[in-house]
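Q: Below is one structure. I have some questions about it.
Nothing in this text is a laboratory measurement; each read-out follows from the coordinates by a stated rule. In this text the structure is predicted, and so the values were computed from the model without any measurement. So basically every Cβ, Gly included, is an ideal-geometry build from the backbone, and we count neighbours across all protein chains shown.
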Amino acid sequence: METKTVLVTGGGRGIGKAIALAFAKEGYQVAVNYNGSEEAAKETASLCEQEGVKAKIYRCNVADYTAVEQMMKQVNEDFGSIDVLVNNSGITKDGLLLRMKEEDFDKVIDINLKGTFNCIRHAARIMMKQRHGSIINMSSVVGIMGNIGQMNYAASKAGIIGLTKSVAKELASRNIRVNAIAPGFVETEMTKVLSEEARSAAMSVIALKRFASVDDIANLAVFLGSDKSSYITGQTIQVDGGMSM
Ligand code: NAP
């Protein structure tokens with residue numbers, strides 16, 4: 001098999017780390033993007049290398065349009081292609097509507113939604129030249145169902161679904177597929193902050209009665225990145241244990 005390259009944003013920790021490792025296990029070269037967590041990114045890259053593949057880390061704030069352009073060029077130069085792009089980076093800044101600060105609304109939209117646009121915008125040119133590519137965007141069930149106290153996050157994740165469908169339509173003729181994953185509750189740092197009350201409220205609506213592991217999400221990412229999903233584009237696939245049916 002010709003060696004393929006995946007770029008995972010926010011690949012240093014959480015779901016992104018599991019995705020980076022899952023692709024490495026499939027023989028992909030891995031570009032690990034990070035913003036604040038350099039040590040974690042180095043650790044992910046080293047674990048990928050232990051799978052026998054090339055891996056490198058790239059510091060870049062995905063909300064910075066120009067920095068993302070530079071990162072994409074650098075990854076393409078270092079690895080020779082970007083076959084799969086996983087837009088995984090994301091943050092929460094929760095608050096009820098009447099207490100939501102303007103800067104918290106803007107920051108979540110900037111990183112989650114505009115960050116996804118920035119990465120697609122600059123990777124698309126490279127993928128168009130290659131005449132193939134798979135883009136995977138991290139949405140959330142919250143973007144489908146809404147959630148009290150998360151209107152900024154929900155808006156960013158719902159925006160990602162619209163972005164995914166539109167770009168899938170634009171890039172289909174170039175042999176580039178674009179899909180989104182909408183996880184429910186996943187055991188990571190992001191959900192560690194939830195109170196016991198919030199956890200049990202969540203559990204009561206999850207049919208499978210457990211939170212997702214990071215590997216539940218990574219397995220789907222690998223499938224969507226591979227040719228095994230070659231007839232799937234523009235879709236948002238829920239990995240939520242039957243939370244929203
Ligand atoms: P996490 O553990 O909090 O990790 C967030 C990741 O995003 C980190 O790798 C972080 O990198 C990166 N990141 C944050 N700001 C960034 C920026 N400005 N530029 C580049 N990278 C940035 O979160 P997670 O639970 O793994 O979530 C990963 C994705 O899945 C997110 O998009 C999240 O919204 C989505 N999701 C999570 C859940 C869940 O239950 N956990 C559910 C649905 C959807 P640094 O530390 O290097 O800054």
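Q: Taking a ≥ b ≥ c as the square roots of the Cα gyration tensor eigenvalues, with a/c under 1.5 meaning rounded and otherwise prolate when a/b beats b/c, else oblate, which class fits segment 34-73? Write out the running numbers ahead of the final one.
A: Values: a/c = 4.74, a/b = 1.84, b/c = 2.57.
In terms of gyration-tensor shape, oblate.
Q: Can you tell me the orientation of helix 38-49 relative to the chain, as the angle in degrees between its alpha-carbon axis and the longest Cα principal axis, to the nearest 10?
A: Approximately 50 degrees, to the nearest 10.
Q: Pop out the ³J(HN,Hα) list for segment 136-143 in order, Karplus 6.51 cos²θ - 1.76 cosθ + 1.60 with θ = phi - 60°, rounded to Hz; leave Gly and Pro as x.
A: 10, 10, 8, 9, 6, 4, 4, x
Q: Return the long-range amide H neighbours of VAL239 (sequence gap of 5 or more, or a different chain), with a cut-off of under 5 Å between placed amide H atoms.
A: Answer set, sorted by chain and number: ALA182, GLY184.
Q: Can you figure out the FRET efficiency of MET145 with ASN175, using R₀ = 45 Å and their beta-carbon distance, to the nearest 0.05?
A: On the way: r = 33 Å, r/R0 = 0.73.
The pair MET145/ASN175 has a calculated efficiency of 0.85.
Q: May I pose another question? Pairing the Cα long axis of helix 65-79 with the longest principal axis of the chain, what angle in degrees results, from 0 to 90 and rounded to the nearest 10?
A: Rounded to the nearest ten degrees, it is 50.
Q: Which ³J(HN,Hα) values in Hz, rounded to whole numbers, follow from the phi angles of segment 180-196 under the Karplus curve 6.51 cos²θ - 1.76 cosθ + 1.60, where θ = phi - 60° and Gly and Pro get x?
A: 10, 10, 10, x, x, 8, 10, 6, 8, 4, 4, 9, 4, 6, 5, 6, 4
Q: Going down the table (LYS17/LYS54; LYS169/LYS228; LYS17/LYS93; LYS107/LYS157; LYS101/LYS157; LYS56/LYS169), which pairs top 24 Å between alpha carbons?
A: Details: LYS17/LYS54 15 Å; LYS169/LYS228 20 Å; LYS17/LYS93 22 Å; LYS107/LYS157 13 Å; LYS101/LYS157 19 Å; LYS56/LYS169 31 Å.
With Cα atoms farther than 24 Å apart: LYS56/LYS169.
Q: Near the amide H of VAL178, under 5 Å away, which other amide H atoms are found, from residues 5 or more places off or on another chain, if H is placed in the peptide plane?
A: Placed amide hydrogens put ILE135, GLY234 under 5 Å from VAL178.
Q: Under 20 °C and 1.002 mPa s, how fast does segment 1-123 diffuse according to Stokes-Einstein, given a Kirkwood radius computed over C-alpha pairs? Answer in µm²/s, whole number.
A: Values: Rh = 14.6 Å.
So the translational diffusion coefficient is about 147 µm²/s.
Q: Continuing with this model, one more query. What is the local net charge at GLU102, summed over the other residues whose Cβ is closer than 14 Å to its Cβ (Lys, Arg +1; Asp, Glu -1)? Kindly include the intermediate steps, with their values, before the conclusion.
A: Numbers: positive: LYS93, ARG99, LYS101, LYS107; negative: GLU103, ASP104, ASP106, ASP110.
Summing Lys and Arg as +1 and Asp and Glu as -1 gives 0.
Q: Under the Karplus relation 6.51 cos²θ - 1.76 cosθ + 1.60, θ = phi - 60°, what is the ordered set of whole-Hz ³J(HN,Hα) values for segment 156-167, x standing for Gly and Pro?
A: Couplings: 5, 6, 5, x, 4, 5, x, 4, 4, 5, 5, 5 Hz.
Q: Have a look at the chain and give its Rg and Dmax from the Cα atoms, expressed in angstrom.
A: Taking only Cα atoms of the chain, I get Rg and Dmax of 17.0, 54 Å.
Q: Please report the spacing between the Cα centers of segment 175-245 and segment 1-80 in Å, no decimals.
A: If you average the Cα positions of each part, the centres end up 21 Å apart.
Q: Summing -39500 (n - 2.57) over the DSSP H runs of n ≥ 4 in the chain and dividing by its residue number, what mean residue ellipticity at 222 nm do you reach, to the nearest 500 deg cm²/dmol? Mind showing how you got there, number by number?
A: On the way: 10 runs with 112 residues, N = 245.
Computed ellipticity for the chain at 222 nm equals -14000 deg cm²/dmol.
Q: For segment 100-175, what D do you get in µm² per second when you plug the Kirkwood radius from alpha-carbon pairs into Stokes-Einstein at 37 °C and 0.692 mPa s?
A: 248 µm²/s
Q: Which angle from 0 to 90°, rounded to the nearest 10, does the C-alpha axis of helix 14-25 make with the longest principal axis of the chain?
A: 30 degrees
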